[in-house]
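Peer 1: Let me give you the structure first, and then I'll get to my questions.
The values are calculated or read from the model by the stated rules, or taken from the named source; none is laboratory data. Please read all numbers here as calculations on a predicted model, not as lab measurements. Ideal geometry is used to build each Cβ from the backbone, glycine not excepted, and the neighbour counts take in all protein chains shown. Ligands, DNA and RNA are excluded from the accessible area calculation, which covers all protein heavy atoms including side chains. Shrake-Rupley method; radii C 1.70, N 1.55, O 1.52, S 1.80 Å.
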Amino acid sequence: MAVKMASDGLWQGENPLDFTLPLLAVQIAVVLVVTQGLAFALKPLRQPRVIAEILGGILLGPSALGRWGAFRRTIFPEWSTPALDTVSGLGLLLFLFLVGLELDFRAVRRVGPRSVAIAAAGIVPPLLAAAGIVPLLDLAIPAPRQASYLSMCVFLGAALSVTALPVLACILKELGLLGVPFGETAMAAAAVNDVFAWALLALALALSGGGREPKGPPLAPVYILSSGAVFVAFTFFALRPLMARLARRTGPCSSESNLTCSCAVACALLAGTVTDAIGVHPVFGAFVFGLAMPREDGFAERIGEKVTPLVSGLMLPLYFATSGLHTNVDNVQGVAAWGMVALVVAVAVVGKFTGTFAVAVAGTGMARREAAALGVAMSAKGLVELIVLNIGKEKKVLDDTTFAIFVIMALTTTVIATPLMTALYRHQSTATTPEIDGVGLKGGDACPA
């Protein structure tokens with residue numbers, strides 16, 4: 001049954017919460033109040049904001065307040081889910097566009113092969129461990145698996161090996177490490193790591209066919225990957241020069257800068273539509289288009305300054321709270337399931353830490369204490385992990401129980417990152433500590449994660 005956008009009012013006997021727009025406004029208000037309240041409460045513990053946003057969603061979802069039938073039916077009824085998911089998904093699309101804008105690989109070039117070696121060392125052990133975790137998941141969780149073994153291995157490898165770049169930037173900024181060689185190495189390695197992880201996720205989705213029975217030809221995964229490669233090449237070699245020409249014509253103080261920003265956002269949304277048509281998630285299109293945006297004359301930075309407040313302040317908290325709403329911790333039942341939680345957390349932390357520490361010490365000559373801190377930093381998951389997990393659940397690669405297990409892992413690894421980093425690496429922050437050029441936070445931006 002179609003639902004009207006707005007009611008005719010209480011005086012005419014209609015409840016506004018039975019209509020899409022007023023209910024969505026109430027849902028957003030409730031999410032913001034709960035998540036910002038939790039963020040304020042967790043501030044003395046120096047936790048990233050994403051922790052409060054995920055916990056707020058879990059608190060509002062079926063694990064806590066969602067058990068109260070009247071609350072669930074009134075504030076988060078089942079019929080309202082598509083509208084809430086669509087708005088939060090749009091926020092995710094724009095956020096990945098911003099992530100692409102922020103990733104400037106000049107820092108990677110300065111650090112050199114070290115960043116690639118450290119990133120690879122943090123990816124390979126979790127990726128190999130995923131091959132052993134998949135059969136154990138099948139034993140611990142009797143639910144039938146819809147995705148193939150290979151696609152599950154690649155997907156879980158991406159989920160276990162990803163590093164939350166924005167969370168890492170927040171931690172390093174708070175500890176005064178963004179402007180020192182350690183911080184630059186960590187950010188450069190995390191940038192390379194995330195690009196590899198997104199490529200693995202694209203591969204997993206292409207192999208899985210969305211977790212459903214394949215509808216197309218047997219070579220559909222090959223077609224998807226080939227089309228994706230063509231899209232990336234077209235974006236960098238055709239669209240990027242056009243955007244660079246547009247940036248030179250408008251200039252930093254031009255009255256047409258708002259038009260340029262609108263064009264860039266529109267192109268990012270269309271890029272997401274193209275990758276969805278290819279068979280990969282829309283966020284890939286927005287992310288690749290953000291990566292391809294020219295950096296000359298502060299063009300990418302100006303666009304980011306205009307888009308960031310809406311995305312980070314409103315739409316992104318809504319997305320992570322929605323993730324929490326879809327997480328039911330009660331799905332993790334029994335010794336076997338909680339044993340999988342412990343195993344997944346151990347693999348996510350130990351796998352990343354061991355590989356990163358070994359290469360940092362043996363390959364780059366980094367001091368052991370710094371290498372240990374780098375290993376902990378690369379283990380932080382946070383919001384990027386949640387994005388990966390939600391894509392997996394949406395595409396039916398992950399069932400509800402596996403999703404809940406990995407959400408718990410993401411929360412655990414992110415919560416322990418800041419105190420361990422503080423204990424391992426103490427650097428006296430000063431007002432003159434420079435920001436690194438390229439990947440990182442611009443100026444005095446609040447941490448988006």
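Peer 1: Please list Thr412, Thr418 in order of solvent-accessible area, largest first, computed with a 1.4 Å probe with all protein chains present.
Peer 2: Correct descending sequence by accessible area is Thr412, Thr418.
Peer 1: Relative to the present Cα-Cα distance, how much length would full extension add between Ala199 and Thr273 at 0.36 nm per residue of separation?
Peer 2: Between Ala199 and Thr273, full extension yields an extra 24.8 nm.
Peer 1: Separate question: Which of Lys173/Lys381; Lys352/Lys396; Lys173/Lys352; Lys173/Lys306 have a Cα-Cα distance over 24 Å?
Peer 2: Beyond 24 Å between Cα atoms: Lys352/Lys396.
Peer 1: What list of whole percents do you get for P(r) of the range 51-178, with Cα-Cα distances grouped in 10 Å bins up to the one holding the largest distance?
Peer 2: P(r) over the range 51-178, rounded to whole percents: 9, 22, 31, 27, 9, 1.
Peer 1: So which residue, out of Leu411, Leu242, Leu168, gets the largest mean-square fluctuation from a GNM of the chain using Cα contacts under 10 Å as springs?
Peer 2: Maximum fluctuation in the GNM of the chain, among the listed residues, is at Leu242.
Peer 1: Give, rounded to the nearest 20 debye, the magnitude of the charge dipole that the chain has about its Cα centre when Lys and Arg contribute +1 at Cβ and Asp and Glu contribute -1 at Cβ.
Peer 2: Around 720 debye, computed over the chain.
Peer 1: Might you report the magnitude of the Cβ-based charge dipole of the range 13-76 about its Cα centre, with Lys and Arg at +1 and Asp and Glu at -1, to the nearest 20 debye?
Peer 2: Using only the charged Cβ atoms, the result is roughly 340 debye.
Peer 1: Counting alpha carbon pairs within less than 8 Å and at least 6 residues apart, what relative contact order, in whole percent, applies to the range 1-151?
Peer 2: Relative contact order of the range 1-151: 13 percent.
Peer 1: So what are the ³J(HN,Hα) numbers for the range 16-27, from phi and the Karplus equation (6.51, -1.76, 1.60; θ = phi - 60°), rounded to whole Hz, Gly and Pro as x?
Peer 2: Taking θ as phi minus 60°, the curve returns x, 6, 8, 10, 4, 5, x, 5, 4, 4, 5, 4 Hz for the range 16-27.
Peer 1: Sticking with this structure for a sec: So what does the Cα-only Debye profile of the range 13-76 read at q = 0.19, 0.22 Å⁻¹, as log10 I(q)/I(0), no solvent term?
Peer 2: Calculated log10 I(q)/I(0) at the listed q: -0.75, -0.90.
Peer 1: As a check on your grasp of the helix formula, calculate [θ] at 222 nm for the chain: sum -39500 (n - 2.57) over DSSP H runs of n ≥ 4, divide by the residue count, round to the nearest 500.
Peer 2: -22000 deg cm²/dmol
Peer 1: Which stretch or stretches of the range 116-149 have amide N atoms under 19 Å from the point lying 7 Å from Ala358's Cα along the Cα→Cβ direction?
Peer 2: 116-133
Peer 1: Still on this structure, I have one more. May I ask you to derive the relative contact order of the chain, considering only C-alpha pairs under 8 Å and at least 6 residues apart, and to give it as an integer percent?
Peer 2: That works out to 29 percent.
Peer 1: Give the Cα extents of the chain along the principal axes, in whole Å, largest first.
Peer 2: Result for the chain: principal-axis Cα extents of 70, 62, 54 Å.
Peer 1: While we're on this one: Per residue of the range 189-196, in order, report the coupling 6.51 cos²θ - 1.76 cosθ + 1.60 (Karplus, θ = phi - 60°) as ³J(HN,Hα) in whole Hz, putting x for Gly and Pro.
Peer 2: Calculated HN-Hα couplings, in order: 5, 5, 5, 5, 4, 5, 4, 4 Hz.
Peer 1: For the chain, set up a GNM with springs between Cα atoms under 10 Å and report which of Val167, Val361, Val376 has the largest fluctuation.
Peer 2: Looking only at Val167, Val361, Val376, the biggest GNM fluctuation is shown by Val361.
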